[in-house]
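Working notes for the structure below.
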Amino acid sequence: MKLIEVLQSSPTTLIIVLTIAGLMVGSFLNVVIYRYPIMLFREWRDMAKEILTEQGYKISGTANEPLLDDKQFNLVVPRSRCPKCQHLIRSWENIPLISYVIQGAKCTQCKTAISLRYPAIELITGILFGFLAWQFGWSWQTLVYLVLSAILVVQIFIDIDHKILPDPLNYILLWLGLFAAYMGWTIPLTDAVLGALFGYLSLWSFYWIFKLATKKEGMGYGDFKLLAALGAFAGYQQLLLIIVLSAGVGAVIGITMMALKKTERSTQIPFGPYLAIAGWISIFWGKEIIDLYLRSSGI
Ligand SMILES: [Zn+2]
């Protein structure tokens, strides 16, 4: 039998193959999470430079180190190095999870500790991919949800690191969600379109009410776009649940961090990760959660 036939006919094989693929994709996501913001910052810097030069300003270079370096830098080039000793990562040092364990969580050359975050992101992606294979089997739906999950992982960690949700990623999700609904792979198209529309408008209005009332900015525009994208996958019926869940998750994590004295009360905590987690949960269990709530409250 050909590999594709095996994957189609054996759910267990599909789960195993996609879990391993997820670990490898997770390893790539680590690269994206680190490099993509740097690529964006460079692009923005060059754009700003161009506009300012056109207007007659003199620009002197004072950017940060990775930005200043004008050598080719993208998701593929150059190859990864240890950030401390510049030791080139060889392919056997780049096997998801396994290399981390074999190397004892240290760089093979300078023995600097490697952050637990790298294997954690590989493991999370592997589990998400395996879960989707288990739930949806060999289908277009699975493929769409794999892309959704991978991009959400990237958005979550870029938002934690830089407090931005890059627009191009929000738009890929938004269009993918609408397209998948149009193709009949996920939810009815009307639910998806209204989900995207009201997702954007709800946080947009909240932002302006909060700003007029407190003169502070409670969240960024990226959050509206992310909720619009999530709405295209979950449908407008789930929007309220996503907002309530993310506020709930946010409160729990925020209070825990404050209790552990890891953060001050006024520290800005990005909202994107909570939205992404709540959105992901609502896409797959939203209906069940809402039903359970309505039943338990006797409505
Ligand atoms: Zn090193």
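In table form, for the structure just shown:
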read-out: Residue among Ser115, Ser99 that alone is among the polar types (S, T, N, Q), crowded, with 18+ Cβ neighbours inside 10 Å, within 16 Å of the ligand (Cβ to nearest atom) and in the same structural domain as Tyr34 (by TED's automatic domain parsing); value: Ser99
read-out: Boolean, Ile156 is over 21 Å from Ala229 (Cβ atoms), surrounded by 13 or more Cβ atoms within 10 Å (Cβ to Cβ) and among the β-branched types (Val, Ile, Thr); value: no
read-out: Residue tally, condition surrounded by 14 or more Cβ atoms within 10 Å (Cβ to Cβ) and either part of a loop (DSSP other than H, G, I, E, B) or not β-branched (Val, Ile, Thr) (or both), over the range 1-38; value: 18
read-out: Which numbered condition Leu143 misses (of (1) over 25 Å from Trp185 (Cβ atoms); (2) more than 16 Å from the ligand (Cβ to nearest atom)); value: (1)
read-out: Within the range 253-275, considering residues that are modelled with pLDDT of 80 or more and within 20 Å of Leu152 (Cα to Cα), the one surrounded by the most Cβ atoms within 10 Å (Cβ to Cβ); value: Leu275
read-out: Residues satisfying the stated conditions in the range 73-88, i.e. on the phi < 0 side of the Ramachandran plot, near the ligand (Cβ under 9 Å from one of its atoms) and either of a type outside the set (Lys, Arg) or not in a loop (DSSP other than H, G, I, E, B) (or both); value: Arg81, Cys82, Pro83, Cys85, His87
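The values are calculated or read from the model by the stated rules, or taken from the named source; none is laboratory data. All values derive from a computational prediction rather than experimental measurement. Quick reminder, even Gly has a Cβ in these numbers, built from the backbone with ideal geometry, and neighbours come from all protein chains shown.
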